[in-house]
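Here's the structure we're looking at; comments come further down.
Nothing in this text is a laboratory measurement; each read-out follows from the coordinates by a stated rule. In this text the structure is predicted, and so the values were computed from the model without any measurement. Neighbour counts are summed over all protein chains in view; Cβ atoms, including those assigned to glycine, are modelled from backbone coordinates with ideal geometry.
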Amino acid sequence: MAGLNRDDPTPTEILLHQKSRVLEIAFSDGKRFRLPCEFLRVYSPSAEVRGHGPGQEVLQVGKRDVEITELEPVGLYAVRPKFSDGHDTGIYSWDYLFALGVNQDGMWRRNLQRIAEAGASREPQPSTPSPRPHCK
């Protein structure tokens, strides 16, 4: 993650649209991005998702319905969303959010391709009920 430079765009407005599950961000250079919560969760900058090096990324599946339940500022350079699936360790810097916005289409296509190649789904998997104890 590169450090912020004075000329880097910074957010001028951040809106969380709960109903449509979209984080809308306007930047100082006039660009505005609508980033779905699922996209943000799939591309979390956390080690849990990215791993600790190239090739260690963990494919995120079943995240179609994920929501951001809280958005916490981190200093003057980032936000940390808390997701409805319990994930809350990704710190999204302004430059990372800007890069996600600029590259969203290609990144999303690659994600869908990886999910298809894995034979996985974006749909949440129903939780398996715990087996009931059998009494004699």
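Quick grid of which residues meet (1) small (Gly, Ala, Ser); (2) under 22 Å from ASP7 (Cα atoms):
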position: ARG32; (1), (2): no, yes
position: HIS52; (1), (2): no, no
position: GLY55; (1), (2): yes, no
position: ASP65; (1), (2): no, no
position: ASP85; (1), (2): no, no
position: GLU117; (1), (2): no, no
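Within the range 95-113, work out how many residues are aromatic (Phe, Trp, Tyr) and closer than 11 Å to PHE39 by Cα. Don't jump to the end; show me each part of the working.
Just the residues of the range 95-113 that are aromatic (Phe, Trp, Tyr), to begin with: 96, 98, 108.
Narrowing the set further to residues that are closer than 11 Å to PHE39 by Cα leaves 108.
The qualifying residues number 1.
Which of the residues that make up the range 34-59 are surrounded by 15 or more Cβ atoms within 10 Å (Cβ to Cβ) and either hydrophobic (A, V, I, L, M, F, W, C) or in contact (Cβ under 8 Å) with a residue 40 or more places away in the chain (or both)?
Residues satisfying the conditions are LEU35, CYS37, GLU38, PHE39, LEU40, ARG41, VAL42, TYR43, SER44, PRO45, SER46, VAL49.
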If you go through the range 86-126, how many residues are acidic (Asp, Glu), outside any helix (DSSP H, G or I) and over 17 Å from ARG50 (Cα atoms)?
1
Give LYS82, LYS31, LYS63, LYS19 a once-over and let me know the one that is of a type in the set (Lys, Arg) and crowded, with 18+ Cβ neighbours inside 10 Å.
LYS63
